[in-house]
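Report on the following structure.
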Amino acid sequence: MSESGEDKKYMSVYDTIDDSSPDENSIQQDNDEYMIRCENLVKIYKTDEVEVVALQGLDLDVKRGELMAIVGNSGSGKSTLLNMLGGLDKPSAGSLMIDGKNLLKFNDKDYMEYKRDTVGFVWQNNARNLVPYLSAVQNVELPMLLKGKKQRRKRALELLEKVGLSHRVNSRLDQMSGGEQQRVAIAIALANDPKLLLADEPTGSVDTKTSNIILDIFKDLNKNEGLTIVIVTHDIKLSKRIDRVVAIRDGRTSSEIVRKKSYAQELDEMGNIVESSEEEAEDTHEELVVLDRSGRLQLPKDYMEQLGIKGGDKVKVELDEETGKMFLFRSHE
Ligand code: ADP
Ligand code: MG
């Protein structure tokens with residue numbers, strides 16, 4: 001038969017499909033590396049009179065085994081985002097892949113299984129996490145009961161020990177402090193061995209000491225069990241103990257604060273555990289502005305104020321190739 005170019009092309013394409021195509025490979029690599037890939041996520045709440053755009057095209061990637069925090073003003077969309085990640089509510093548009101699954105294609109059954117098997121959730125409000133008339137250990141057993149797990153009591157007691165509450169197994173909600181209730185909530189969220197743990201302001205109503213204990217539990221779960229953890233927090237002190245902090249503003253990722261050195265390295269250098277002062281914490285973190293996938297960036301509000309520019313203004317952008325720096329100029333003069 002003819003050895004035409006067409007035939008050769010066909011053969012070579014066929015050869016590469018044989019094993020696994022490069023496309024599938026890269027999707028697989030993505031799934032192996034990332035727990036969360038969230039791109040251009042939009043959530044619109046519709047009520048009778050108004051539409052609220054709570055997420056306006058938010059991008060966020062979280063690697064497997066990462067512990068990170070999300071900060072932002074009240075109303076910036078933190079809880080909305082966490083509810084999307086937790087499968088408690090459906091995004092309006094965009095793309096959201098978690099643990100290799102496309103949540104925008106989920107039906108009700110997929111959502112139910114996802115919430116039961118993949119994700120654990122700690123709510124801001126203690127009363128939402130715990131059934132008031134059940135003891136701590138019964139509360140932790142409940143999700144296992146719903147999943148039909150064996151050896152529930154043994155596992156529940158182990159989890160309560162892990163969060164430091166062995167002495168509280170028989171206490172009910174009203175017999176425990178806010179911090180203890182929050183720790184039971186963490187044990188409940190862990191009951192079904194989730195891969196991803198989400199916590200919405202878990203230290204919102206506790207003192208600094210308790211808030212540190214709670215973060216230590218998260219850090220331990222992350223380090224020793226490889227759990228991926230996303231914490232929403234208002235707590236500046238808490239966020240300073242976390243290596244990666246993403247700030248959201250008006251439903252978009254606005255900046256990212258990363259630790260220059262790892263926390264462990266820093267403690268090593270100090271030789272012992274010293275509670276760092278606020279000034280020290282500022283030295284250890286730097287704030288980076290995040291470009292979205294099209295290369296757009298959100299300028300820090302205080303820089304704009306200093307430069308005397310506002311949204312809608314035009315600015316001049318220049319690149320200095322020698323230093324690799326980009327400059328921004330006010331152009332309305
Ligand atoms: P945060 O947790 O950062 O304080 P939220 O995600 O709770 O912010 O809210 C973001 C925006 O979406 C706010 O303007 C809020 O009023 C609105 N919003 C949140 N939930 C709903 C809802 N169920 N219905 C209508 N609007 C909502
Ligand atoms: Mg909130």
Magnitude of the charge dipole, the range 27-294, Cβ model with Lys/Arg +1 and Asp/Glu -1, debye to 20: 1380 debye
Gain upon complete extension [Ser177, Leu134; 0.36 nm per residue less C-alpha separation]: 13.9 nm
Difference of contour (0.36 nm per residue) and Cα-Cα distance, Met326 to Asn212: 37.1 nm
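If I take R0 = 35 Å and measure r between the Cβ atoms of Ile44 and Glu225 in this structure, what FRET efficiency does the formula 1/(1 + (r/R0)^6) give, to the nearest 0.05?
0.45
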Nearest-0.05 FRET efficiency for Asp89 and Leu307, computed from C-beta distance (R0 45 Å): 0.75
Net charge, Ile36 excluded, C-beta distance under 12 Å - Lys, Arg +1, Asp, Glu -1: -2
Prolate/oblate/rounded call for the range 27-294, Cα gyration tensor, a/c under 1.5 rounded: oblate
Cα gyration tensor shape of the range 21-156, rounded if a/c is under 1.5, else prolate or oblate by comparing a/b with b/c: oblate
For Lys195, net neighbour charge (Lys/Arg +1, Asp/Glu -1) across residues whose Cβ lies under 9 Å away: -2
Karplus 3J(HN,Hα) series, Hz, for the range 208-223 with 6.51 cos²θ - 1.76 cosθ + 1.60 (x for Gly, Pro): 4, 5, 5, 5, 5, 4, 5, 5, 4, 5, 4, 5, 5, 5, 5, 6
For the range 300-310, 3J(HN,Hα) per residue [Karplus equation, 6.51 cos²θ - 1.76 cosθ + 1.60, θ = phi - 60°, Hz, x = Gly/Pro]: x, 4, 5, 5, 5, 4, 4, 7, x, 10, 9
Net length gained if the chain between Leu142 and Asn102 were fully extended (0.36 nm per residue, minus Cα distance): 11.6 nm
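Computed FRET efficiency, Cβ-Cβ of Arg64 and Leu291, R0 22 Å: what is it to the nearest 0.05?
It comes to 0.40.
We did not get these values from a lab; they are worked out from the coordinates using the rules stated. Keep in mind that what you see is a predicted model, and the values were worked out from it rather than measured. Glycine gets a Cβ as well: all are built from the backbone with ideal geometry, and neighbour counts include every protein chain shown.
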